[in-house]
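Colleague: Can you keep this structure in mind? I'll have questions shortly.
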Amino acid sequence: MIKLLLASLVAVSLIQAKELNTQMQEFMNTLKVEAKKQNPNFKEFDYARGEEIFTTEAIGKKGKLISCVSCHTDTLSNKGMNKHTNKVIEPLSPSANTQRFTDIKDVKKWLRRNFNDVYKREGTALEKGDVITYMIKKG
């Protein structure tokens, strides 16, 4: 009985970890509005597009082939390692790291930095929304 109760509590906490706080919901809504302005046919952010962005290699800012997976791994519940600084990166999965997607300033900062490091440009609203959707759903 205790094992069943503990399993239920873990399941509930994992579900709650995937829910976005109000600030992140507002940010995602802002990205949707921007994406719609950029493309009137835009409907919704997409997991598959986000996965493609996250896993596709490009010649990055430092002139080497890199993707998001290079540092974050393809298992978002695992810790990663920054290839340039050798610093540990806490898991991206909100289920494994409850601090993910809780601070909008951090989310904006890291999206800007990581798109710049990998793709040498700031991501579009569509790309950012797709990547966030991918990370939340995969995590």
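The values are calculated or read from the model by the stated rules, or taken from the named source; none is laboratory data. Since this is a predicted model, take the numbers as computed values, not measurements. Every residue, glycine among them, receives a Cβ derived from its backbone with ideal geometry; neighbour counts consider all protein chains shown.
Colleague: Specify which of the listed residues (LYS3, LYS18, LYS62) is among the charged types (D, E, K, R), within 18 Å of ARG113 (Cβ to Cβ) and modelled with pLDDT under 95.
Modeller: Values: LYS3 fails: within 18 Å of ARG113 (Cβ to Cβ); LYS18 fails: within 18 Å of ARG113 (Cβ to Cβ).
Answer to the selection: LYS62.
Colleague: How many of the residues making up the stretch 34-51 are charged (D, E, K, R), surrounded by 14 or more Cβ atoms within 10 Å (Cβ to Cβ) and assigned to a helix (DSSP H, G or I)?
Modeller: Total meeting the criteria: 4.
Colleague: In addition: Which of the residues that make up the stretch 62-111 are without any contact (Cβ under 8 Å) to a residue 40 or more places away in the chain, closer than 23 Å to GLU26 by Cβ and either outside any loop (DSSP other than H, G, I, E, B) or hydroxyl-bearing (Ser, Thr, Tyr) (or both)?
Modeller: Listed by number, the residues that qualify are LYS105, ASP106, LYS109, TRP110, LEU111.
Colleague: How about the stretch 22-54: which of its residues are aromatic (Phe, Trp, Tyr) and under 19 Å from ILE136 (Cα atoms)?
Modeller: PHE27, PHE45, TYR47, PHE54
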